[in-house]
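Heads up, the thing below is written out as structure tokens.
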Amino acid sequence: MEHFFLYSAVILTIIIAVPLYRVLNGPTLFDRLLATNAIATKTIVLIALIGFLFDRIDMFIDITLAYAILGFIGSLIIAKFVTTEKVEPE
């Protein structure tokens with residue numbers, strides 16, 4: 001069973017490269033933001049898999065929750081920054 005999770009972690013790491021291309025070469029900021037969220041989601045699953053492989057799933061779940069909260073707050077901050085209108089000084 002551990003081999004299955006190890007192979008799943010390797011495949012998931014390879015899958016993370018697909019949105020990474022969009023982050024680096026995305027035509028718009030929104031494409032890059034969506035790709036960053038996709039990478040964060042896959043990274044959360046990868047951290048949970050690593051926690052299972054090391055038999056410390058309780059500690060790694062705490063890490064994934066903190067990472068998910070930081071990713072969500074980061075996305076909100078970037079979205080707020082992009083959508084606010086700039087006020088020109090008079």
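Rule-based calculations on the coordinates, nothing more; no lab input. Here the structure is a predicted model, which is why all the values come from computation and not from measurement. All Cβ positions, glycine included, derive from the backbone under ideal geometry; neighbour counts span all protein chains shown.
Things to note:
- From the options Leu20, Leu70, Leu76, residue that is in contact with a helix residue (DSSP H, G or I) (Cβ under 8 Å, 6 or more places away or on another chain) and not basic (Lys, Arg): Leu20
- Leu49 among the aliphatic types (A, V, I, L, M), touching a residue at least 12 places away in the same chain (Cβ under 8 Å), within 21 Å of Thr83 (Cα to Cα) and in contact with a helix residue (DSSP H, G or I) (Cβ under 8 Å, 6 or more places away or on another chain): no
- Residue check, Leu33 in contact (Cβ under 8 Å) with a residue 40 or more places away in the chain, under 15 Å from the mean Cα position of the chain (by Cα) and surrounded by 14 or more Cβ atoms within 10 Å (Cβ to Cβ): yes
- Per-region count, segment 1-28, residues loosely packed, with under 12 Cβ neighbours inside 10 Å, closer than 30 Å to Thr83 by Cβ and under 19 Å from the mean Cα position of the chain (by Cα): 5
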